[in-house]
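The values are calculated or read from the model by the stated rules, or taken from the named source; none is laboratory data. Keep in mind it's a predicted model, so treat the numbers as computed, not measured. Positions of Cβ are generated from backbone atoms using ideal geometry, with glycine treated the same way; all protein chains shown enter the neighbour counts.
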Amino acid sequence: MSFSHIVLKMIKADYKKYTFYYLCNSFTVMFFFIFSTVFFNEQISQVRETESIKFVLTIPMIALIVFSLFFISYAHSIFIKQRRKEFALFMTLGMSNRDIAKLLLLENGMIALASLVTGIASGIILSRGFFALLMNFIGEQTVLYHLTTEMFVYSIALFLIIFLTAVGRSLYLTRISSLS
C-alpha cells in the first residue's frame, strides 16, 4: 500500500481531525486575502492623499501575522497530538521516523493545497462585502473594489511561510523523538 493510499484511508477514518485542521488553515488564508484587498488597494491611499493610511494598516497586518502564526501552530500541534497513537502504531508495524515524516508531508501538502483553494475562493466572495462595509463605515464611496495579483501572492506566500514553519517544527520533532 502506498503512502497516498494510507493518507486517504486515514482521512476517511478520522475526517473530524482533518476537517478541524483544514478549516483552521482555510480561515487563515481567507482572512489574509480579505485584509489584502484593503491593504493593496491603491485608491485608498490616493483618496486620503497620504501614505499614513498604509502605516495605519501595517499595525493590523502585523497583528494578523502574529495571530496566524500562533493559530496555525496551535492547530497543527493539536492535530499532531491527536494522532500520536496512530504514529506509534505505524512505528510498531515497522514504519521509520522517515516514513512518518513522508506521511506528514503528504498529508500536510494536501491540506495546504485544499486550504489555499477554499481560503482564496471564500476570501474573494467575502472580501467584496467586507470592503463595501468598510468603505461605507469610513464614508468613502469613491473607492472601488478590485483584485490584483499582489493580493493573491501576499495571501498565498504569507500562509505558506507560516504553515511551513509549523509543519517544519513538527517534522523536526519527529526526527528527534520516537513519538510514542
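Tabulated results
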read-out	value
Considering residues of the stretch 107-135 that are more than 18 Å from His76 (Cα to Cα) and surrounded by 19 or more Cβ atoms within 10 Å (Cβ to Cβ) only, the residue farthest from the chain's Cα centre (by Cα)	Met135
Test for Gly109: is it modelled with pLDDT of 85 or more and farther than 14 Å from Leu164 by Cα	no
Residue list for the stretch 58-94, filter: buried (at least 16 other Cβ atoms within 10 Å of the Cβ) and hydrophobic (A, V, I, L, M, F, W, C)	Met61, Leu64, Leu69, Phe71, Ile72, Ala75, Phe79, Ile80, Phe87, Phe90, Met91
Residue list for the stretch 136-160, restricted to those being loosely packed, with under 15 Cβ neighbours inside 10 Å, at pLDDT below 85 and not hydrophobic (A, V, I, L, M, F, W, C)	Asn136, Gly139, Glu140, Gln141, Thr142, His146
Any chance Ile34 is at pLDDT 90 or above, among the β-branched types (Val, Ile, Thr) and touching a helix residue (DSSP H, G or I) at 6+ places or on another chain (Cβ under 7 Å)	yes
Index of the failed condition, Phe87 passing every other in (1) modelled with pLDDT of 80 or more; (2) closer than 22 Å to Ala101 by Cα; (3) not hydroxyl-bearing (Ser, Thr, Tyr)	(1)
Ser4 being over 25 Å from Leu134 (Cβ atoms), among the hydroxyl-bearing types (Ser, Thr, Tyr), part of a helix (DSSP H, G or I) and at pLDDT below 80	yes
